[in-house]
């Protein structure tokens, strides 16, 4: 059984997946320690980290005797365990079957519609420059077209509701934070800004104190 104390999160501040976990910890009001790994030195592939995440990826989390990996699994765990005690919002809506189902549906949309498009743009335009690489514009152009179509559906949904799962913020929204934060630092921010409802949603989301705090920790190519 997971014990009390401070949650430890292992990863890199630049990772959008780590950002999702940290935002959920902040939203839940949980005490945590972020433990940075040296990704360039492949610390994520060491036996110590492979014991936390058998795939050698980030993030990983330790909470008492529980060790957990995969950002969405960690996020759900954190919100289930800590939101009530920390005074955080109900970001899973598990007390309402229909609302919880909509949270799940839009988490699936994030994973299978939004992420496959936006992640390539962010990798090419932000992550590679951070490590001294150069973008492949062909890859960017291909996925920018895909993202434009995804955001068409998002804009329609957000014209009906303030947030993706309904008129309440949820993990379905917060799961978009890390990659969208980086996207908005590129010229492809226009893909969001040209959709009025998506733009307004992002402005609401990025104004949340937890989001602002974690965003300030995320490095970019210029600092």
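The values are calculated or read from the model by the stated rules, or taken from the named source; none is laboratory data. Small disclaimer: the values here were computed from a predicted structure and weren't measured. Here the Cβ positions follow ideal geometry from the backbone for every residue, glycine too, while neighbour counts run over all protein chains shown.
What's the number of the condition residue 105 fails, among (1) within 26 Å of residue 194 (Cα to Cα); (2) touching a strand residue (DSSP E or B) at 6+ places or on another chain (Cβ under 7 Å)?
(2)
Being assigned to a helix (DSSP H, G or I) and either exposed (fewer than 11 other Cβ atoms within 10 Å of the Cβ) or touching a residue at least 40 places away in the same chain (Cβ under 8 Å) (or both) is the filter here; which residues of the stretch 28-46 pass it? Quick ask: steps written out before the conclusion?
Going residue by residue through the stretch 28-46, those that are assigned to a helix (DSSP H, G or I) are 28, 43-45.
Listed by number, the list holds a single entry, 28.
Suppose we keep only residues that are in contact (Cβ under 8 Å) with a residue 40 or more places away in the chain and touching a helix residue (DSSP H, G or I) at 6+ places or on another chain (Cβ under 7 Å) within the stretch 117-127. Which one would you say is nearest to residue 153 (Cα to Cα)?
118
Could you list, in sequence order, the residues of the stretch 47-82 that are part of a strand (DSSP E or B) and surrounded by 15 or more Cβ atoms within 10 Å (Cβ to Cβ)? First the steps, then the outcome.
Within the stretch 47-82, the subset part of a strand (DSSP E or B) is 60-63, 66-69.
Passing the criteria: 60, 61, 62, 63, 67, 68, 69.
So, in the stretch 83-98, how many residues would count as being crowded, with 18+ Cβ neighbours inside 10 Å and part of a helix (DSSP H, G or I)?
1
Keeping to the stretch 99-139, report how many residues are at pLDDT below 95, buried (at least 16 other Cβ atoms within 10 Å of the Cβ) and more than 17 Å from residue 181 (Cβ to Cβ).
1
For residue 130, work out the one condition from (1) free of Cβ contacts under 8 Å to residues at least 60 places away in the same chain; (2) more than 30 Å from residue 28 (Cα to Cα); (3) out of contact with any helix residue (DSSP H, G or I) (no Cβ under 8 Å at 6 or more places or on another chain) it doesn't fulfil.
Residue 130 satisfies every listed condition except (1).
Out of the residues in the stretch 191-204 that are part of a helix (DSSP H, G or I) and touching a residue at least 40 places away in the same chain (Cβ under 8 Å), state the one that is surrounded by the most Cβ atoms within 10 Å (Cβ to Cβ).
In the first step, residues of the stretch 191-204 are kept if they are part of a helix (DSSP H, G or I); the result is 191-193, 196-204.
This time we only want the ones that are touching a residue at least 40 places away in the same chain (Cβ under 8 Å), so: 191-192, 196-198, 200-201, 204.
On the way: 191: 21, 192: 20, 196: 11, 197: 17, 198: 22, 200: 14, 201: 24, 204: 15.
Going through the qualifying residues, I end up with 201.
Only residues that are under 30 Å from residue 100 (Cβ atoms) and touching a helix residue (DSSP H, G or I) at 6+ places or on another chain (Cβ under 8 Å): list them for the stretch 37-65, please.
53, 57, 58, 59, 60, 61, 63
Quick check: is even one residue across the stretch 177-188 over 29 Å from residue 29 (Cβ atoms), in a helix (DSSP H, G or I) and modelled with pLDDT of 95 or more? Before the answer, list the steps.
Going through the stretch 177-188, the residues over 29 Å from residue 29 (Cβ atoms) turn out to be 186-188.
Still in the running and in a helix (DSSP H, G or I): 187-188.
Next, only the ones that are modelled with pLDDT of 95 or more stay: 187-188.
There is at least one residue in the stretch 177-188 that is over 29 Å from residue 29 (Cβ atoms), in a helix (DSSP H, G or I) and modelled with pLDDT of 95 or more.
Picking from 218, 184, which residue would you name as being surrounded by fewer than 18 Cβ atoms within 10 Å (Cβ to Cβ) and within 15 Å of the chain's Cα centre (by Cα)? Full working, then the answer.
Details: 218 fails: surrounded by fewer than 18 Cβ atoms within 10 Å (Cβ to Cβ).
Exactly one of 218, 184 is surrounded by fewer than 18 Cβ atoms within 10 Å (Cβ to Cβ) and within 15 Å of the chain's Cα centre (by Cα), namely 184.
Give the stretch 165-178 a look and list any residue that's surrounded by 17 or more Cβ atoms within 10 Å (Cβ to Cβ) and over 17 Å from residue 149 (Cα atoms), or say none. Show your work before the answer.
Restricting attention to the stretch 165-178, the residues satisfying the condition of being surrounded by 17 or more Cβ atoms within 10 Å (Cβ to Cβ) are 165-166, 168-178.
Of everything in the stretch 165-178, those that are surrounded by 17 or more Cβ atoms within 10 Å (Cβ to Cβ) and over 17 Å from residue 149 (Cα atoms) turn out to be 165, 166, 168, 169, 170, 171, 172, 173, 174, 175, 177, 178.
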